[in-house]
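The values are calculated or read from the model by the stated rules, or taken from the named source; none is laboratory data. Everything numeric here is computed off the predicted structure, so don't read it as measured data. Using ideal geometry, Cβ is built from the backbone for each residue, glycine included, and neighbour counts are taken over all protein chains shown. Keep in mind that these areas ignore ligands, DNA and RNA; they rest on the heavy atoms of the full protein, side chains included. Shrake-Rupley method; radii C 1.70, N 1.55, O 1.52, S 1.80 Å.
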Protein chains: 4
Amino acid sequence: MAGSSFGNILRLTTWGESHGPKVGCVLDGFPAGMELSEEDIQVYLDKRRPGQSSLTTQRRESDLVHIYSGVFEGKTTGTPISLVIDNTDQHSKDYSDLADCFRPGHADFGYYTKYGIRDYRGGGRASARETACRVAAGAVAEKFLKELGITFSFYTAAIGEVVLDPKAYDPSLLYATPTNFPDKKADADATALIEACKARKDSVGGMVRGVISGVPAGIGDPTYLRLDACLASAMMSINASKAVGIGDGVFAGMRYGSQNNDAFYTDEDGVIRTRTNHAGGILGGITDGSDIVISTTFKPTPSIASPQETVMTDGTPKALSIHGRHDPCVVPRAVVVCETMCALVLLDAMLLNMTARAENVKNFYLHRDSTI
Amino acid sequence: MAGSSFGNILRLTTWGESHGPKVGCVLDGFPAGMELSEEDIQVYLDKRRPGQSSLTTQRRESDLVHIYSGVFEGKTTGTPISLVIDNTDQHSKDYSDLADCFRPGHADFGYYTKYGIRDYRGGGRASARETACRVAAGAVAEKFLKELGITFSFYTAAIGEVVLDPKAYDPSLLYATPTNFPDKKADADATALIEACKARKDSVGGMVRGVISGVPAGIGDPTYLRLDACLASAMMSINASKAVGIGDGVFAGMRYGSQNNDAFYTDEDGVIRTRTNHAGGILGGITDGSDIVISTTFKPTPSIASPQETVMTDGTPKALSIHGRHDPCVVPRAVVVCETMCALVLLDAMLLNMTARAENVKNFYLHRDSTI
Amino acid sequence: MAGSSFGNILRLTTWGESHGPKVGCVLDGFPAGMELSEEDIQVYLDKRRPGQSSLTTQRRESDLVHIYSGVFEGKTTGTPISLVIDNTDQHSKDYSDLADCFRPGHADFGYYTKYGIRDYRGGGRASARETACRVAAGAVAEKFLKELGITFSFYTAAIGEVVLDPKAYDPSLLYATPTNFPDKKADADATALIEACKARKDSVGGMVRGVISGVPAGIGDPTYLRLDACLASAMMSINASKAVGIGDGVFAGMRYGSQNNDAFYTDEDGVIRTRTNHAGGILGGITDGSDIVISTTFKPTPSIASPQETVMTDGTPKALSIHGRHDPCVVPRAVVVCETMCALVLLDAMLLNMTARAENVKNFYLHRDSTI
Amino acid sequence: MAGSSFGNILRLTTWGESHGPKVGCVLDGFPAGMELSEEDIQVYLDKRRPGQSSLTTQRRESDLVHIYSGVFEGKTTGTPISLVIDNTDQHSKDYSDLADCFRPGHADFGYYTKYGIRDYRGGGRASARETACRVAAGAVAEKFLKELGITFSFYTAAIGEVVLDPKAYDPSLLYATPTNFPDKKADADATALIEACKARKDSVGGMVRGVISGVPAGIGDPTYLRLDACLASAMMSINASKAVGIGDGVFAGMRYGSQNNDAFYTDEDGVIRTRTNHAGGILGGITDGSDIVISTTFKPTPSIASPQETVMTDGTPKALSIHGRHDPCVVPRAVVVCETMCALVLLDAMLLNMTARAENVKNFYLHRDSTI
């Protein structure tokens, strides 16, 4: 099925398996004329790259990105941008004993029942390696959003029962701790927790929070392309995610209206703002100019070295212990994936929004200087 | 923007404002040959219909649905099904003093900043009245899914701090209590809570849970059309929803892998099953044959009669008390909206899945009897 | 299948059968703030309306359009525009003897083999009555394009062997002759030809030509959304069309490059223009600022009163003479269908084009006055 | 804009510029389990490859295709198939003097007005080199269609005024003559014509005809996804195409209904067939089981060595003579492009068609053996 694409005006298509020769993507519909280099993208990929601390998988991928189209003389041309990353450190042999069994918590069984065939090496298409492509493409989108004055603060908000202390939040620590907690104490606690999990052949879940600032009011389309619906879909499409909340998320269900409504007021510059931001910047699917706040929950890595009960392809029971190189907690590396996916969704919505008013369309076509 | 449609093979387009003459929808791509009557749909609309208890808005809509196309001699024909519902009990005058101000917690401000114009009567397009169309179309999808052996159990799981007691869950109470809690005690407690909210001019939030049983393994498409991503988008597109979780949802973030993985085993009939269902029936975006479990959080109704701070269109402050006929809690009436939206998403995924294997395509074209 | 919609940012969905109670459509993504009344649309529907001369079907439909959503206080709101037309003059009995046989040249056999069921009354969904919805929606698009300085000249270019004499082309005769030839002599000749066909129970084909002026250069997207590809699809989706050509169309295949290339020059106002317009205003799928020229060929009406060979549903032979009220030539009434379909495609392309340059996106978001 | 993709269930996305390092594509939604090798694809690419005779450009591309994803152990897996072809024989210097001027008949001016930037080397994205990707992906689709019993006969039908003599049509000559005329005399005449064009620095247009046999009745979706509309869009999206016709195409406009209708009869095997095939196998957008016949007109190559009038980017006049390596007639190499594009469209329509009947959906889900 054609499910490897998403977006409307800006559309991403990804391809590639964990243990194939390469993974890549095509980002189509990106506006022409923005400066773009491989280095701009590499910065983001390096935030996702494994093997950087003892907390992540020891698979060592250089994850060097190549731009094969859509950029000419250092600028985007409006044509599809093809990004390709070589797979260089596959240990496919590690997976040969998984060819005939279904790993609990993984997509193996689903792929097999759906397609009758699967590339079992490293999870094949279901591997989180696919998210490298999301990061590469999202880096392009985020670069442009930054030029529009929009900023992103994404970080680890929870790992197991270690939770970010909002008072300790230190923006200078974004992407600066092994766990990606922007809080030294939480980072230390979570590091200990993950190390303990690893030692006892277990894994642990957590939550990523994202805050996007500087988004103008009026972005997002009503009904089925609501910005929160598009963001929710994007977050839930990331490997191992199980829940997503906007603003106060699940806590909104425990509140009264008098507590939850965000009052409007006009600030000294004459800008309409909200006193609080329970809504997370989105009302009725449209931004209100407040920070967009989004939380995504990730389950514990299903690949654990402890023995587990499962079955073979033919249904016979098997006791399974998964060896190989796995992150004991996916959250730290998922932060940049969430961030760049949100960038793709947001830029698409902002492009769509440009045609919302007849007046703007008229200004565009009647008042521009000439045909060129 | 063309955001009033969703779905792939099965595609729903809705239209209409709260205080326009009618609301309606077009369901395209529905397979031909299923028996369908207006009564089949009315049963679902009646579950959503307001004015049925003291807990809901006193707006009295008969919500009678008309089928204007796509059905011939009692059967679907494969052509688009047009469903229309008259708006009969608008009190537009109630809203005239809202024309120039932005209600906190509502989409007013977003629509105004986006479009520069809005139908302020009853929320216009942003009104939850739009969900009547979702229910009507989803009823058609759910009828067919039931013929495929799939069953739906959707209910209120929480209202404020009143939470369903899993041990008290009584399937015979589905859609049989005013709050839609399938648990007499929770229903009584929540009724008291909602009445109290109403008395003090406040509102309260809550959660809807849905369980879908009988779905075959292998449904859902990897990457961006994962079934959980599509469901999350659908739930987050419903008015007032703020969070969605699959299976254990946010609790998965607090767990260890050894607790969270669902072990596979083969049952006495030779069917591969899971011992537990933390995953909520979906792994890697594809069903595993277990029950699909989905939870959606709704914020408290933003329309409250208590005084609130807000601003006028021109930015001048205004003290606002919203009168009119509003549900003090949207959760009871949202249950059937969640249910039918899930039906639309699931049927679409099941149709998409039919082409996943070359072998099935060959069987379809090479082994059917004749051209007719 | 979800084939009843087309367009990207601007998206039309139509519904309804020839002999159902109503036909209608939903036009989504139309920009907010344009003045729109039912009268604006009715003007176009009246150009398509049957029963206006002896040359067309005597079915008498008033074809009055109702706007049920998307317009508030006389202006579009950016939400989906629902347009509905009642069917008032069905003679379904005329069709009862067609229930069990396949009319040659019609879609009956296709619908039956595909769906196993069909609404045989008046062709059901396959009736050209569906084009009333295209005209209604296209009228909305064309109104806006006119406000952008774009003009449409669509007319009958050929009926049978009667061909428009370019020298006799009189723009004041657009939609002013029974045949829609903008040429008195051709109109008279074609009228005689159609009357003769009618008298001998036959029908005749022809061609519609359209010229769209004032379109800026740069409209249309490369590769698969080329403007000519989108126009070709739109034209070929109209009932009875069998060929479409851009600019010189099929004659381009008989030419040399030195004849066919349109030389560029700069006019006295400094605008880059072409000396000739063999290309019909589109190169590489993108407009060059010249007139868009498009020709669509229609086959003769397949419903003829002369006896024809066909078969029943069960395959037994049947001699068929089709009675009922049919246009002996579809071309005159197809002119406005072609015109309005082109308007829908062109407006969609112009909306898409607004995001082509990063510079324009920046101007939009960084230099607009405020959030409102 | 996201215009580099097309298709619904089966969706192709292409990327790459003529003088970039590579061109490639992603074919998503292809069913799992079909055997596929690079050799299967190479056969088709070799039919398109330039430099094979004196009639085509002397650019020498080996056009070796790499499969980078979506195939495992020799079979498709249902995941996106990434195909990449290296560009090895660019002579970018040939184009440096074209950087600042607009070639007549080319997309240069359109790209420049749209994007404000363009890769001028060899036409960049607008180069027909992009069609190599279409052929590669279409080869995959056609392989599967052949397994379903469908056959393709595509050939040159006209070059300039040299027209195929239907009586001389020899299927054994398909892809066996330099001009791709399946008729020795026409091939010889056209060869002489092309050589003469080349000698006098000119080019010539022509027509490709395609016949697809063995397609079951019932394929194609009504209204806007009619099979003929989808085919027309696909053909018109090919570089240099200017017209497309189904069946008798433009000739249908010159006919009477009594001549043009194809009578139905039942053959000795009980299959309903048509006596003639003026309709080209498609009625109302749905196949009737007859051969699909489609004709596509190509203009003469716009790159000619004769002097032409044009302007520079700044509007100043320039006398241009285009040197470089160009096909004096695009038709011979366009044949396989048309063929494989039709294969992509047809397979997509056949996949979509599998869900048209509720009965078939029920059979699929209720009567298959088990979950696996």
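Note down all Cβ pairs under 8 Å where the first residue falls in region A:320-349 and is closer than 16 Å to A:Phe30 by Cβ, the second is assigned to a helix (DSSP H, G or I) and among the hydroxyl-bearing types (Ser, Thr, Tyr), and they're at least six residues apart or on different chains. Close Cβ pairs satisfying both conditions: A:Thr340/A:Tyr44.
Yes/no per residue for (1) under 24 Å from C:Ala358 (Cα atoms); (2) modelled with pLDDT under 95; (3) at the interface with chain B (Cβ under 8 Å from one of its Cβ atoms); (4) open to solvent by less than 30 Å² (accessible area, probe 1.4 Å):
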{"residue": "A:Val293", "(1), (2), (3), (4)": "no, no, no, yes"}
{"residue": "A:Lys299", "(1), (2), (3), (4)": "no, no, yes, yes"}
{"residue": "A:Thr310", "(1), (2), (3), (4)": "no, no, yes, yes"}
{"residue": "A:Asp327", "(1), (2), (3), (4)": "no, yes, no, yes"}
{"residue": "A:Cys342", "(1), (2), (3), (4)": "yes, no, no, yes"}
{"residue": "A:Leu366", "(1), (2), (3), (4)": "yes, yes, no, no"}
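Of all residues in region C:287-329, how many are outside any strand (DSSP E or B), in contact with a Gly (Cβ under 8 Å, 6 or more places away or on another chain) and of a type in the set (Val, Ile, Thr)? Qualifying residue count for the region: 2. Filtering region D:61-84 to residues that are surrounded by fewer than 20 Cβ atoms within 10 Å (Cβ to Cβ) and aliphatic (A, V, I, L, M) leaves only D:Leu64.
A single member of D:Glu195, D:Glu142 is surrounded by fewer than 21 Cβ atoms within 10 Å (Cβ to Cβ) and part of a helix (DSSP H, G or I), and it is D:Glu195. Taking region D:111-125 as the range and being in contact (Cβ under 8 Å) with a residue 12 or more places away in the chain and within 19 Å of C:Arg273 (Cα to Cα) as the test, the residues that pass are D:Tyr111, D:Tyr112. The residue list B:Arg255, B:Arg226, B:Arg209 contains one member that is charged (D, E, K, R), under 25 Å from B:Gly3 (Cα atoms) and at pLDDT 95 or above, which is B:Arg226.
Among the criteria (1) among the small types (Gly, Ala, Ser); (2) within 19 Å of the chain's Cα centre (by Cα); (3) farther than 22 Å from C:Ser213 by Cα, the one C:Ala343 does not fulfil is (3). Taken over region D:344-362, the criterion of being open to solvent by less than 10 Å² (accessible area, probe 1.4 Å) and outside any helix (DSSP H, G or I) is satisfied by D:Met354, D:Thr355, D:Ala356. Can you find even one residue in region B:145-155 that is more than 14 Å from every other protein chain (Cβ to nearest Cβ) and open to solvent by less than 10 Å² (accessible area, probe 1.4 Å)? Checking region B:145-155: at least one residue is more than 14 Å from every other protein chain (Cβ to nearest Cβ) and open to solvent by less than 10 Å² (accessible area, probe 1.4 Å).
If we scan region A:178-199, do we find a residue that is at pLDDT 95 or above, under 21 Å from A:Ala349 (Cα atoms) and either touching a Gly at 6+ places or on another chain (Cβ under 7 Å) or not β-branched (Val, Ile, Thr) (or both)? Taking every residue of region A:178-199 in turn, none turns out to be at pLDDT 95 or above, under 21 Å from A:Ala349 (Cα atoms) and either touching a Gly at 6+ places or on another chain (Cβ under 7 Å) or not β-branched (Val, Ile, Thr) (or both). Filtering region A:115-137 to residues that are aliphatic (A, V, I, L, M), away from chain D (no Cβ under 12 Å) and either more than 25 Å from A:Cys338 (Cα to Cα) or buried (at least 24 other Cβ atoms within 10 Å of the Cβ) (or both) leaves A:Ala132, A:Val135, A:Ala136, A:Ala137. So is C:Phe72 aromatic (Phe, Trp, Tyr), more than 24 Å from B:Thr79 (Cβ to Cβ) and at pLDDT 95 or above or not? Against the criterion (aromatic (Phe, Trp, Tyr), more than 24 Å from B:Thr79 (Cβ to Cβ) and at pLDDT 95 or above), C:Phe72 qualifies. Taken together, the criteria place B:Ser303 among residues that are facing chain A (nearest Cβ under 10 Å) and either within 26 Å of D:Lys143 (Cα to Cα) or open to solvent by less than 40 Å² (accessible area, probe 1.4 Å) (or both). Total residues in region B:198-207 satisfying the condition of being of a type outside the set (A, V, I, L, M) and either farther than 18 Å from B:Pro332 by Cβ or open to solvent by 40 Å² or more (accessible area, probe 1.4 Å) (or both): the figure is 3. Those strands (runs of 3 or more DSSP E) of region A:208-286 that lie entirely within it include none in which at least 3 residues are open to solvent by 10 Å² or more (accessible area, probe 1.4 Å) and within 8 Å of chain B (Cβ to nearest Cβ). For region B:198-207, a residue qualifies if it is in contact (Cβ under 8 Å) with a residue 12 or more places away in the chain and outside any strand (DSSP E or B), and the qualifying residues are B:Lys198, B:Arg200, B:Lys201, B:Asp202, B:Ser203, B:Gly205. Checking each residue in region B:156-192 for being surrounded by 24 or more Cβ atoms within 10 Å (Cβ to Cβ) and assigned to a loop (DSSP other than H, G, I, E, B) picks out B:Thr179, B:Asn180, B:Phe181, B:Pro182, B:Asp183. Of the residues examined, A:Asp40 is not one that is open to solvent by less than 60 Å² (accessible area, probe 1.4 Å), farther than 23 Å from D:Asp108 by Cβ, modelled with pLDDT under 85 and out of contact with any Leu (no Cβ under 6 Å at 6 or more places or on another chain).
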